[in-house]
Amino acid sequence: MSPRKIYADQADIDTPLVRELVASQFPQWAALPLEPVDSSGLVNAIYRLGSDLSVRLPLRPSITGIVQREQEKLATLAPFLPVAIPSVEAIGSPTDTFPGEWSVHRWLDGTHPAPDALVDPRGLATDLAAFVAAFRRIDLPDRPPAYLGERRTRAPMASMDSSTRKAIGALEGLIDTRAALASWEESLAAPYDGREVWVHSDLTPSNLLVSSNGRLRAVIDFETCGVGDPACDLFPVWHLLPANLRDEFCAALDVDDATWLRGRGRVLSQALIVWADHKDTNPATSNYARYVIREVLAAPR
């Protein structure tokens, strides 16, 4: 199985290629079983290597030091966080067959939570609030972003205005564009005092792992994390949590009305852009974006 083609410049990745890369660069793992992980992700192809490792290959390869920065960031943040996060065990070099860096990670057990099948919704909401609070307490300097993706979800809201309006226009006939525009403009106008904290900035179900009892076990995909607007970590409000627990989650984090509006706007913008860009190439991701848009527009504070 190869990853679904969603970008014109996407690399050709399949199991034989990954096996060849591992065998040539990390022969100590060459004999381990290798199998693709079915994922609707937009950044990496993922393969499980044996029982304890995973291989991640960017769909759009790069040699700009992204993997090294990720390795350093994860190692620095891990001691401050209450649940497991990924660790990069090795970094692969570009080759003629794959022209970019790739990585081997420690495998983290768990399943992605689904909003309609939460085992312990209140427990999960408590765990998520504790994770966000711990992230906010981190007192470490953040480096300037080295590439666009590293800043994507924590960029100033004004910088997202043009792409958000374009996505709303592209979804004419598929959503209530008038309601979406009104919601976006309300969020865009919300005040912000400029206070910044450490944020993960992409706390969506695909980046969370829960145990069989429904509690948070691990958080993954720290590409866009860094210092930014606290509103960046309110994604679970609309992506995952049932309506009766949203206020509890926000209360635990002392979220005021302006921060809530900015968080809502960030979630809406991302979902609109994802659906507009991938409605013809990635049905699973597009369907989930549509769910999030519906939750945002149906849930005034």
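The values are calculated or read from the model by the stated rules, or taken from the named source; none is laboratory data. Since this is a predicted model, take the numbers as computed values, not measurements. Backbone-built Cβ (ideal geometry, glycine too); neighbour counts: all protein chains shown. Side chains are part of the model used for accessible areas, which takes the heavy atoms of the whole protein and leaves out ligands, DNA and RNA. Shrake-Rupley method; radii C 1.70, N 1.55, O 1.52, S 1.80 Å.
Which one is modelled with the lowest pLDDT, of the residues in the range 57-73 that are crowded, with 18+ Cβ neighbours inside 10 Å and assigned to a helix (DSSP H, G or I)?
Selected residue: 66.
Checking the conditions here, which among 127, 142, 116 is open to solvent by 10 Å² or more (accessible area, probe 1.4 Å), of a type outside the set (Gly, Ala, Ser) and at pLDDT 95 or above?
Residue meeting the stated conditions: 127.
When you go through 19, 106 one by one, which is the residue that is basic (Lys, Arg), more than 20 Å from residue 202 (Cα to Cα) and free of Cβ contacts under 8 Å to residues at least 40 places away in the same chain?
Result: 19 is the single residue among 19, 106 that is basic (Lys, Arg), more than 20 Å from residue 202 (Cα to Cα) and free of Cβ contacts under 8 Å to residues at least 40 places away in the same chain.
If I filter the range 27-41 down to residues being among the hydrophobic types (A, V, I, L, M, F, W, C) and buried (at least 18 other Cβ atoms within 10 Å of the Cβ), which single residue comes out as nearest to the chain's Cα centre (by Cα)?
Within the range 27-41, the match that is nearest to the chain's Cα centre (by Cα) is 34.
Are any residues in the range 85-108 among the polar types (S, T, N, Q) and open to solvent by 10 Å² or more (accessible area, probe 1.4 Å), and if so, which ones? Talk me through it step by step, then tell me what you get.
Kept after step one, since they are among the polar types (S, T, N, Q), are these residues of the range 85-108: 87, 93, 95, 97, 103.
The answer is 87, 93, 95, 97.
Any residue at all in the range 264-274 that is surrounded by 22 or more Cβ atoms within 10 Å (Cβ to Cβ) and without any contact (Cβ under 8 Å) to a residue 60 or more places away in the chain?
Yes, some residue in the range 264-274 is surrounded by 22 or more Cβ atoms within 10 Å (Cβ to Cβ) and without any contact (Cβ under 8 Å) to a residue 60 or more places away in the chain.
With the range 125-192 as the region, which helices (runs of 4 or more DSSP H) entirely inside it contain at least 1 residues that are over 20 Å from residue 203 (Cβ atoms) and touching a residue at least 12 places away in the same chain (Cβ under 8 Å)?
161-170, 177-188
Can you find a residue in the range 207-223 that is in contact (Cβ under 8 Å) with a residue 60 or more places away in the chain, under 21 Å from residue 70 (Cβ atoms) and assigned to a helix (DSSP H, G or I)?
The answer is no, given that none of the residues of the range 207-223 is in contact (Cβ under 8 Å) with a residue 60 or more places away in the chain, under 21 Å from residue 70 (Cβ atoms) and assigned to a helix (DSSP H, G or I).
Quick one: in the range 275-287, of everything that is outside any helix (DSSP H, G or I), touching a helix residue (DSSP H, G or I) at 6+ places or on another chain (Cβ under 9 Å) and open to solvent by 20 Å² or more (accessible area, probe 1.4 Å), which residue is nearest to residue 239 (Cα to Cα)? Outline the logic, then answer.
Step one: filter the range 275-287 for residues outside any helix (DSSP H, G or I), giving 279-282.
From what is left, the residues that are touching a helix residue (DSSP H, G or I) at 6+ places or on another chain (Cβ under 9 Å) are 279-280, 282.
Retained after the next criterion (residues that are open to solvent by 20 Å² or more (accessible area, probe 1.4 Å)): 279-280.
Values: 279: 18, 280: 22 Å.
Going through the qualifying residues, I end up with 279.
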